[in-house]
Amino acid sequence: MPSKDTAIIFLSVCGLATEQARQPWLDAWERVAAAHMRHPAGAVRVRQARPRLLGVHTAIHVDDAAGEMPVYVPRDRDPDLCTAINAAGGPGGFVLLVGSSSVGKSRMLFEAVREELPQWWLLHPANADAIRAFAAAPTQRTILWLDELQYYLDRPHRPTSRHSPRPDQCGNGAGSHPVAARIR
């Protein structure tokens, strides 16, 4: 199978020069590239993830809103966040949004992940033990979603001797994994 870069060159030569024209073909390439890979238990494809189940709060009621969430209002920092998510999707990385309560951090992060890694698996671990379980048997093309990051961190007052793995420890031969997190 050709690399993604080779596919992009081929599509450009075939006259599909814009990102919008190439995207359906690149989505198909991604599905084929990932079809043989196993996925982590409990994970869903990013494109199929439901934002409310990931901690995205509902916005004010809008009469013409279709579905469970109103239309996303782009933010000035979206391009920077998309760049960071895309970069983390390569060698792995940690993308953390910090801000006050109910300012749109989770929604912004969700939209960036959905834009940049729609074909990847999204794993929303229940706790630090679930992160450790994933680290023990990682899968490729999986992003960890850690909404309310503070709840995943081992704290000194907790009765535990083990620590949560660092993001760079979430792989043993299956590659590094991006981590998308939010904290207040």
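Listed values, structure above:
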quantity: Meets criteria (at pLDDT below 90 and either in contact with a helix residue (DSSP H, G or I) (Cβ under 8 Å, 6 or more places away or on another chain) or under 17 Å from R182 (Cα atoms) (or both)) for G67; calculated: no
quantity: Matching residues, the stretch 1-44, being free of Cβ contacts under 8 Å to residues at least 24 places away in the same chain and on the phi > 0 side of the Ramachandran plot; calculated: G15
quantity: Verdict on A135 being at pLDDT 80 or above, aliphatic (A, V, I, L, M) and surrounded by fewer than 17 Cβ atoms within 10 Å (Cβ to Cβ); calculated: no
quantity: Hits in the stretch 112-142 (condition: part of a loop (DSSP other than H, G, I, E, B) and farther than 24 Å from Q23 by Cα); calculated: H124, P125, A126, N127, A137, P138, T139
quantity: Restricting the stretch 18-37 to residues that are in a loop (DSSP other than H, G, I, E, B) and surrounded by fewer than 11 Cβ atoms within 10 Å (Cβ to Cβ), the residue that is modelled with the highest pLDDT; calculated: T18
quantity: Within the stretch 84-94, tally of residues that are assigned to a loop (DSSP other than H, G, I, E, B) and under 9 Å from the mean Cα position of the chain (by Cα); calculated: 1
quantity: Any pair with Cβ under 6 angstrom, 6 or more apart, that starts in the stretch 79-97 at a residue that is touching a residue at least 40 places away in the same chain (Cβ under 8 Å) and ends at one that is of a type in the set (K, R); calculated: L97/K105; L97/R182
quantity: Any hit, the stretch 116-129, residues being without any contact (Cβ under 8 Å) to a residue 40 or more places away in the chain and within 9 Å of the chain's Cα centre (by Cα); calculated: yes
quantity: Residue identified as in the same structural domain as L149 (by TED's automatic domain parsing), surrounded by fewer than 15 Cβ atoms within 10 Å (Cβ to Cβ) and not in a loop (DSSP other than H, G, I, E, B) among L97, L81, L53, L109; calculated: L53
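The values are calculated or read from the model by the stated rules, or taken from the named source; none is laboratory data. All figures in this text were calculated on a predicted structure; none of them were measured in a lab. Ideal geometry is used to build each Cβ from the backbone, glycine not excepted, and the neighbour counts take in all protein chains shown.
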